[in-house]
Amino acid sequence: GCILEGKLYPFGEIARTEDCFRCNCSPHVMRCCSLFHTPIGYDKENCKVIFNKKSCDYDVVQKSDPSTACVVYSRV
């Protein structure tokens, strides 16, 4: 298998790691890509970004009321 962040994964396709990556593990190499996109276009003065490990995505919420989502215009 392959070791990523101290955890052993089996050879083959890994749909989702503990850190929200999709990987392919072979005897020679492990290739991974993220399952999330980083928000860049939002009201940075009034909103903050929080990583949601359950959904493997970033939540953008109001600083004054984290239960209220902010509008995100773009992600990378």
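We did not get these values from a lab; they are worked out from the coordinates using the rules stated. Treat the numbers as computed from the prediction; the structure is a model and nothing was measured. Every residue, glycine among them, receives a Cβ derived from its backbone with ideal geometry; neighbour counts consider all protein chains shown.
Taking the chain, the Cys residues with no second Cys beta-carbon under 4.7 angstrom are CYS33.
Determine, from the Cβ-Cβ distance of TYR73 and ILE3 and an R0 of 30 Å, the FRET efficiency 1/(1 + (r/R0)^6), rounded to the nearest 0.05.
Result of the calculation: an efficiency of 0.20.
Specify which residue in the list TYR58, VAL71, CYS23 is farthest towards the positive end of the charge dipole of the chain, using unit charges on the beta carbon of Lys, Arg (+1) and Asp, Glu (-1), about the Cα centre. Result: CYS23, furthest along the dipole toward the positive end. Multiplying the residue separation of ASP59 and HIS28 by 0.36 nm and subtracting their alpha-carbon distance yields 7.6 nm. Considering only ASN46, SER34, LEU8, and ranking their Cα positions along the charge dipole of region 1-71 that arises from unit charges at the beta-carbon of Lys, Arg, Asp and Glu, the one farthest toward the positive end is LEU8.
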